[in-house]
Amino acid sequence: MDIKSLYLDELIEEMKSINQPAFRAKQIYEWMHTKLVSSYDEMTNISKDLRSELSKTYPLTALQVVDKYVSKSDGTIKYLCALNDKRVIESVLMKYHHGYSVCISSQVGCMMGCTFCASTIGGKERDLTASEMLDQVYRIQELSGERVSNVVVMGTGEPLDNYDNLIRFIRILTDDKGINISARNITVSTCGIPDKIRSLADEGLAITLALSLHAPNNEIRKKLMPVARQYELWEVMDAFSYYYDKTGRRLTFEYSLAEGINDEEDHARELSKLLRGYNCHVNLIPINPIEERKYVKSNSKKIQNFKNILEKNRINVTIRREMGSDINAACGQLRKSYLKLGDN
């Protein structure tokens, strides 16, 4: 039983099953999700005997930081955390003018196979539980001493491929009896799985949904992202329209620029045409080169020109600030280096 992944009403029922009152469940829930403890020993208003019983029956998810890197350029901190089964995941703490943001992983590895991303090298090993996703936020807030105000599910993994755990994670994270982060301050990034996007729209969650688009048409997208061979771009865009209609939340599109692949003026004009009429924002992302791939980052002049064309077509667009570039802060890079080191 993964006790940290339970909703409060589920935890109350579970405690009743071992003859404990409802208030005991509320105490435990508060210790886990407000006080962010990592062991039962820290739950000081619970008897020692019960703490011992709980620890035997309900292992408490608590990630262990095995490595940490701090960027000298912008203060970004990247954490490499070990799970109970010794697998490792990465999480990132970033400081912006509006507060502290944490980028978390949703899976160990990734099965989506995007050709420019280090996260997919080695494939997917398993999904993360809701508690393992939550504890990335909890441990970073505890270690940094900073209140996390924004959470982005943009690290390793495809969140919608881990749908049930993702929803549970969001509902506990936004619970007013827990850490209570506003749903409006949560962003989930997806490669684009239409049926899951529609299901997410029906959940009634006021989160921001971001599509990893990276191409102005399906042919280029197929070369970059294998998922495009399964779902045509029009299917994904139609699902995104449904999400906007149901939630009213402005859509975000992520577009990584690779030299000579998707960064030409014609690509910018085609992208403008694709997004015309959407209430959306485009994040242009200078691609992060990795040794296993041959992609080259577009030069700054080309990126600025791409942005100018979108703006002339009334598309809201920004060039994403590169955070932690000196510490391999892009998805999957630190974990890949760590695993490679362990193999030697």
Revision key, fill the gap. Scanning the range 179-224 residue by residue, the ones that are under 15 Å from the mean Cα position of the chain (by Cα) and not aliphatic (A, V, I, L, M) total 9
Review point. With (1) buried (at least 18 other Cβ atoms within 10 Å of the Cβ); (2) assigned to a loop (DSSP other than H, G, I, E, B); (3) modelled with pLDDT under 95 as the list, and residue 105 as the residue in question, which single condition is left unmet?
Key: (3)
Review point. Can you tell me which residue in the range 201-251 is surrounded by the fewest Cβ atoms within 10 Å (Cβ to Cβ), limited to those that are among the basic types (Lys, Arg) and farther than 30 Å from residue 175 by Cα?
Key: 229
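Can you tell me how many residues in the range 149-171 are β-branched (Val, Ile, Thr), surrounded by fewer than 20 Cβ atoms within 10 Å (Cβ to Cβ) and either touching a helix residue (DSSP H, G or I) at 6+ places or on another chain (Cβ under 6 Å) or modelled with pLDDT under 95 (or both)? Write out each step before concluding.
From the range 149-171, those β-branched (Val, Ile, Thr) are 151-153, 156, 167, 170; that's our starting set.
Going one step further and asking which of them are surrounded by fewer than 20 Cβ atoms within 10 Å (Cβ to Cβ), we end up with 152, 167.
Adding the requirement that they be either touching a helix residue (DSSP H, G or I) at 6+ places or on another chain (Cβ under 6 Å) or modelled with pLDDT under 95 (or both) leaves none.
Residues flagged as β-branched (Val, Ile, Thr), surrounded by fewer than 20 Cβ atoms within 10 Å (Cβ to Cβ) and either touching a helix residue (DSSP H, G or I) at 6+ places or on another chain (Cβ under 6 Å) or modelled with pLDDT under 95 (or both) within the range 149-171 amount to 0.
Take the range 219-230 and flag every residue that is in a loop (DSSP other than H, G, I, E, B) and over 17 Å from residue 253 (Cα atoms).
Restricting attention to the range 219-230, the residues satisfying the condition of being in a loop (DSSP other than H, G, I, E, B) are 225, 230.
Matches in the range 219-230: 230 only.
Would you confirm whether any residue within the range 208-218 is assigned to a loop (DSSP other than H, G, I, E, B), closer than 20 Å to residue 131 by Cα and among the small types (Gly, Ala, Ser)?
If we filter the range 208-218 for residues that are assigned to a loop (DSSP other than H, G, I, E, B), which is where we start, we get 213-217.
From the residues that got through so far, the ones that are closer than 20 Å to residue 131 by Cα too are none.
Among the residues of the range 208-218, not one is assigned to a loop (DSSP other than H, G, I, E, B), closer than 20 Å to residue 131 by Cα and among the small types (Gly, Ala, Ser), which makes the answer no.
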Exercise for review: Could you grab the pairs with beta carbons closer than 8 Å, sequence gap of 6+ or different chains, first residue in the range 118-145 and in a strand (DSSP E or B), second one surrounded by fewer than 19 Cβ atoms within 10 Å (Cβ to Cβ)?
Suggested key: 124/111; 125/87; 126/87
Revision key, fill the gap. Picking from 165, 180, 150, the residue that is closer than 30 Å to residue 80 by Cβ and part of a loop (DSSP other than H, G, I, E, B) would be 180
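One line per residue, one yes/no per condition, for (1) touching a residue at least 60 places away in the same chain (Cβ under 8 Å); (2) at positive phi; (3) not β-branched (Val, Ile, Thr):
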| position | (1), (2), (3) |
| --- | --- |
| 283 | yes, no, yes |
| 290 | yes, no, no |
| 295 | yes, no, yes |
| 299 | no, no, yes |
| 302 | no, no, yes |
| 306 | no, no, yes |
| 313 | no, no, yes |
| 316 | no, no, yes |
| 319 | no, no, no |
Revision key, fill the gap. Scanning the range 262-287 residue by residue, those in contact with a helix residue (DSSP H, G or I) (Cβ under 7 Å, 6 or more places away or on another chain) and either over 27 Å from residue 207 (Cα atoms) or assigned to a loop (DSSP other than H, G, I, E, B) (or both) turn out to be 262, 263, 265, 268, 269, 279
Revision key, fill the gap. Picked from the range 53-102 (must be touching a Gly at 6+ places or on another chain (Cβ under 6 Å) and part of a loop (DSSP other than H, G, I, E, B)), the residue surrounded by the most Cβ atoms within 10 Å (Cβ to Cβ) is 76
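Test of understanding: among 257, 274, which residue is buried (at least 16 other Cβ atoms within 10 Å of the Cβ) and under 23 Å from the mean Cα position of the chain (by Cα)?
The unique qualifying residue is 257.
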Practice item. Would you be able to say whether some residue in the range 1-22 is in contact with a Pro (Cβ under 9 Å, 6 or more places away or on another chain), surrounded by fewer than 19 Cβ atoms within 10 Å (Cβ to Cβ) and not β-branched (Val, Ile, Thr)? Key: yes
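Of 72, 4, which residue is under 28 Å from residue 110 (Cα atoms) and in contact (Cβ under 8 Å) with a residue 24 or more places away in the chain?
Details: 72 fails: under 28 Å from residue 110 (Cα atoms).
Answer to the check: 4.
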Point to revise | Evaluation of residue 112 against (1) modelled with pLDDT of 95 or more; (2) touching a Cys at 6+ places or on another chain (Cβ under 7 Å); (3) not small (Gly, Ala, Ser) (one fails), failing number | key: (1)
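The values are calculated or read from the model by the stated rules, or taken from the named source; none is laboratory data. Given the structure is predicted, the values throughout are model-derived calculations rather than measurements. Because the Cβ atoms are built from the backbone with ideal geometry, glycine has one as well, and the counts that use them run over all protein chains shown.
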